[in-house]
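For reference, the structure discussed in these notes is given below.
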Amino acid sequence: MTRVIKLDIGKQLIKTIEKHIDNRWAIGLLAAPQTVDYYAHIGFNAHLSAWILREQLK
């Protein structure tokens, strides 16, 4: 079983952004597979069109 350390870093990040920036902001989040169900309950919406470019094979 994977051990998860709960630090609430994401919640603190959201509060900091809301405090210091106007209403025109967005957070892009890449979630580990075992955490994808977590983020909806704190207000994130899933986006099926996210892409990652990794190191290319030569």
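The values are calculated or read from the model by the stated rules, or taken from the named source; none is laboratory data. A quick note: this is a predicted structure, and the numbers were derived from the prediction, not measured. Methodologically, a virtual Cβ is constructed for each residue, glycine included, from the backbone with ideal geometry; neighbour enumeration extends over all protein chains shown. Heads up: the accessible areas ignore ligands, DNA and RNA and are worked out on the full protein's heavy atoms, side chains in. Shrake-Rupley method; radii C 1.70, N 1.55, O 1.52, S 1.80 Å.
So the values come out like this:
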{"quantity": "Most positive-pole-ward Cα, Gln12, Ala40, Gln56, against dipole of the chain from beta carbon charges", "calculated": "Gln56"}
{"quantity": "In degrees, nearest ten, helix 9-20 long axis to first principal axis of the chain (Cα)", "calculated": "50"}
{"quantity": "Kirkwood-based shape ratio for the chain, expressed as Rg/Rh from alpha carbons", "calculated": "1.03"}
{"quantity": "Assigned charges on the beta-carbon of Lys, Arg, Asp, Glu; the chain dipole about Cα centre (debye)", "calculated": "140"}
{"quantity": "Accessible-area composition of the chain, carbon plus sulfur, in percent [1.4 Å probe]", "calculated": "57"}
{"quantity": "Exposed-site-free run, longest, the chain (rule: chymotrypsin sites (Phe, Trp or Tyr not before Pro); DSSP loop; at most 10 other C-beta within 10 Å)", "calculated": "26-50"}
